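Heads up: the structure comes next, in structure tokens.
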Amino acid sequence: MTIKTLLKFIVSGLLLYILVRTIELEDFQRVVSKVSPLMVVLVALGYMGGQLISVVKWWMILRGNEGSGAQGQETTSTNHGAAGISLKKVAQAYFTGMFVNVLGIGTVGGDMTRAIIVSDAHHPKTMCLATVAADRAQGLVVLTFIGVLSVVLFGGNMLPLWLWLLLILGGCGVVLLWFIVPEILLRIVPESH
């Protein structure tokens, strides 16, 4: 076990200890005891289903990148794209990335982990990282759309005008970044990576 891993366990244990010391355990036990086991199973299945949909979404983004090379140059799918990446490998990379996120390295660490796992001699790290960025941007677009839609359907008068404008401009910015970030990554990082 490395010192870094040991330090993570110590920090996690310390945070858990602080959490346990700062909550009322009786209240916590009372609330947890009222939760239906069936509801826990349904929520867990729903969450897992959502994650599996995310795996398939990222796999489709990887496959959609077939034939695209750096700086818009056409390449064969034997050199780039996800033709040879199985859904199983993408799922393993995705869930490993989630695990890395939970360990405290952060979202960026988990995203880089999954890009590195699916990359190989035929799928450069640059292309894989660009698909992770596209996946994240797509998720942000969807969350922005859900936010706008819920405000429109359930009470647009709840938000001040400046927040409405920020939400709309943020959504447009995310869509713009969807197209720009992968190209920037492909230009910054050498194609061999």
Segment Thr107-Arg21, extension gain: residue separation times 0.36 nm, minus the distance between their alpha carbons: 28.2 nm
C-alpha center-to-center spacing [segment 9-36, segment 88-135] in angstrom: 31
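FYI, it's all coordinate maths here, none of it is from the lab. Note that the structure is a prediction, hence the values are computed from the model and not measured.
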